[in-house]
Amino acid sequence: MLDKSLLIKALLSRDDENTVHDKKEIRTTDNIPEKRVNAYQEKAPIITNRVVSRNIPHIHNTAMENAVPQRQHILSFDLLSKFVIALTFTTAIVAALYFVAAYIYSNTGTHLNKAKNESEQHNENDSAEKKAVLNAEAEKAKAIQQTQNAVSAAAGPLTETTQALREREKNQNIELLHQADKERAARLQPAEPIAPRQLSTQQQAQLTEMLKYIPGQITFIVPRDDAEARNFAQTIAEALYNAGWTIQGVNEDLLVNIPAGLTVHSLISTPHTDLLQRSLRRIGFDVSWSMDQNVPAGAIVLLVGGKP
């Protein structure tokens, strides 16, 4: 910056020269002193309090005109310098803040990435552990299922056998209950009258036709006091008589326990006994044969017992 004292001295020396020159002009031109003074006063600007002095009545305006732009330049330079300094300081602060923010962001990003990696690794470890636990549980469940299947397979036949026995026992119990109910109902119902056995006309004709080719001799024995057996024996005897057989009588026997139905007795089986049995069966009556040594050879005894 320029020294203010030197500037003031330069201005004062220049004003002194101008003042001497003006005084010479005033002396030579006495006719227009007031006009010159007025002109001088119009040209002289107002001097600041710093340069006003009693010994210097007036300062020429040319020096002032040259000093003001210099001062304005100096002030502009000072403002520009201050602005540049402020801008530089602001830029430095912004840059410092930027680098601090970048550093913080970098550290934060590093920590975040590290935390993220640790979290991912922890999650992977947890997932691996969970997967291992699930696999172990699945294997355990599979082993238990296989054991249960093996036990079921081993116990299957036994279970089926037990169930079959239970079903059979149940069915037997049901059958026994039904049979007992039937017997109880039969005992409670009144006895139906037994229809007597007899030969129809057609049966008599068939029996006569079959037995007439080999006639023999026969004796009928019936229980005592059994009218139904006596009548049935007489009907058969009539058919045999018509076939040419010899009927030796229808007798009652008190000593022999005559079974129910028809029984042929003879010493041995002969064609006559065989033909008689076949013929009676053909017309619908069951008959059996029994060897009897008390029967004479060639003779046939037909026992007619009660109705079976």
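The values are calculated or read from the model by the stated rules, or taken from the named source; none is laboratory data. The structure presented is a predicted model; accordingly, all values stated were derived computationally and were not measured. Cβ placement follows ideal geometry from the backbone for every residue including glycine, while neighbour counts extend to all protein chains displayed.
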Worksheet item: What tally of residues in the stretch 229-288 results from selecting those that are outside any helix (DSSP H, G or I) and either closer than 11 Å to Leu303 by Cβ or not polar (S, T, N, Q) (or both)?
Response: 28
Item to complete: Specify the residue that is nearest to Gly284 (Cα to Cα); the eligible residues are those in the stretch 201-214 that are modelled with pLDDT of 90 or more and not aliphatic (A, V, I, L, M).
Response: Gln203
Discussion item. Would you confirm whether or not the stretch 199-213 contains a residue that is basic (Lys, Arg), closer than 23 Å to Gly306 by Cα and not in a helix (DSSP H, G or I)?
Written reply: no
